[in-house]
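For reference, the structure discussed in these notes is given below.
Read the figures in this text as sums done on the coordinates, not as results from a lab. Worth saying up front: this structure is predicted, and the values here are computed from it rather than measured. Heads up, the Cβs are rebuilt from the backbone with ideal geometry, glycines too, and the neighbour counts pull from every protein chain shown.
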Amino acid sequence: MTRLRANASLRHIRSDSDVIADFVAIGPAVAAQEIDLRWWGMPPGSTHGTGEEDSHWVWQLLCEYALGSSYREATGLRTPDGLFQGAMIYSTDAESVLEPNSGAVYVDYIATAPWNRRGVTDSPTYRAVGSELLCQAAHHSHLLGLRGRVTLASLPGALRFYRERGFLPTGDAVEGMPLLELPPDRSRAWLIEKGLIGNV
Amino acid sequence: MSKSRKHTEELSCGGSRLPDRLRRTLPALPSQQTNVLVKHIMRLKAMHPEIHIKFRDVQLTDMDECTLQLLLDDLNEQLGID
């Protein structure tokens, strides 16, 4: 597959079935209407409520930030009911930390919709949203000749999630958050497992 | 990573903007490019200036999808992208 995939399969937990969600490029207007207003059910920028670390994020502004560079992408996973189940901003012009002088994709922001989180609801709707978004970043890195390297700053609570997917500590940090990186061999293994590249 | 591995964790959110110290110096690209294939090839050319470009004298935006795909296939082969 020499192009990014157009969709991914998410697990609908209650019905125990798979649902196909489309990867959609997100602009500021869509982000304002479909993420900022819907995800937290409150005006963008409001700090009321959930205590989730991203509940104050304004995706409209994050998408404007994404538009500021031709090397950035803003993408979301949208299910057939029209709802965004997750969103991600990433940069394709990053430097690898583990392999200096090599390129990497850097995930600036990634989040799943509140109704998919165990910390917000006792019965999340979909699983695998974050994983599928992250896999898309790894695939993009591969397609850009960056050998699947993905770098990101991890919140403490997400470290295990990333480690399970092959990310390694770099010893570096951004704003106090440890920088992790998915190295080429682990990225390749993941992409093969997902059927996105061949096992040659 | 084996095929049978079990992922137990789900992601809620995370991130921080790419710091300048981790940003590569790459040439600016036209920001209004809407053709996904043209944008992808432009990025490949910018990130891998060593690659040989077929149809060098033709503007990417003037190429049809078939020619763009041929060009991309050639670039992928040079870069070992499968």
Report summary line: Picked from the stretch A:113-123 (must be buried (at least 20 other Cβ atoms within 10 Å of the Cβ) and in contact (Cβ under 8 Å) with a residue 60 or more places away in the chain), the residue nearest to A:ASN7 (Cα to Cα) is A:ALA113
Report summary line: Within the stretch B:10-29, the count of residues that are at the interface with chain A (Cβ under 7 Å from one of its Cβ atoms) and closer than 25 Å to B:LEU71 by Cβ comes to 4
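Residue by residue, here is whether (1) within 21 Å of A:PHE23 (Cα to Cα); (2) free of Cβ contacts under 8 Å to residues at least 60 places away in the same chain; (3) within 16 Å of the chain's Cα centre (by Cα); (4) within 11 Å of chain B (Cβ to nearest Cβ) holds:
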residue: A:ALA66; (1), (2), (3), (4): yes, yes, yes, yes
residue: A:ASN101; (1), (2), (3), (4): no, yes, no, yes
residue: A:ALA128; (1), (2), (3), (4): yes, no, yes, yes
residue: A:GLN136; (1), (2), (3), (4): yes, no, yes, no
residue: A:LEU144; (1), (2), (3), (4): yes, yes, no, yes
residue: A:ARG149; (1), (2), (3), (4): yes, yes, yes, no
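Would you point out the residue of the stretch A:189-200, among those that are more than 7 Å from chain B (Cβ to nearest Cβ) and in contact with a helix residue (DSSP H, G or I) (Cβ under 9 Å, 6 or more places away or on another chain), that is surrounded by the fewest Cβ atoms within 10 Å (Cβ to Cβ)?
Among them, the one singled out is A:ASN199.
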Report summary line: Residue pairs within 6 Å by beta carbon, gap of at least six or interchain, first lying in the stretch A:186-200 and touching a residue at least 60 places away in the same chain (Cβ under 8 Å), second surrounded by 15 or more Cβ atoms within 10 Å (Cβ to Cβ) and assigned to a helix (DSSP H, G or I), listed first then second, are A:LEU196/A:HIS139; A:ILE197/A:LEU191
Requested in this report: Look at the stretch B:30-49 and say how many of its residues are more than 7 Å from chain A (Cβ to nearest Cβ) and either of a type in the set (D, E, K, R) or in contact (Cβ under 8 Å) with a residue 60 or more places away in the chain (or both).
Outcome: 2
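Mind telling me which of the residues A:LEU133, A:LEU159 ends up being more than 25 Å from A:SER9 (Cβ to Cβ) and hydrophobic (A, V, I, L, M, F, W, C)?
Testing whether each residue is more than 25 Å from A:SER9 (Cβ to Cβ) and hydrophobic (A, V, I, L, M, F, W, C) leaves just A:LEU159.
Provide a single number: the residues in the stretch A:90-122 that are hydrophobic (A, V, I, L, M, F, W, C) and under 24 Å from B:PRO27 (Cα atoms). Spell out the reasoning first.
Here is the first cut: in the stretch A:90-122, the ones hydrophobic (A, V, I, L, M, F, W, C) are A:94, A:97-98, A:104-105, A:107, A:110-111, A:113, A:115, A:120.
Next cut, under 24 Å from B:PRO27 (Cα atoms) only: A:94, A:97-98, A:104-105, A:107.
Residues meeting the conditions: 6.
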**Report entry** Flag if A:ALA158 is more than 22 Å from A:GLY198 (Cα to Cα) and at the interface with another protein chain (Cβ under 7 Å from one of its Cβ atoms)
**Finding:** yes
Query raised in the report: Residues of the stretch A:163-188 being surrounded by fewer than 17 Cβ atoms within 10 Å (Cβ to Cβ) and either touching a Lys or Arg at 6+ places or on another chain (Cβ under 6 Å) or aliphatic (A, V, I, L, M) (or both), which ones?
Result: A:LEU168, A:ALA173
Query raised in the report: touching a Leu at 6+ places or on another chain (Cβ under 8 Å), assigned to a loop (DSSP other than H, G, I, E, B) and away from chain A (no Cβ under 12 Å): does that describe B:ILE53?
Result: yes
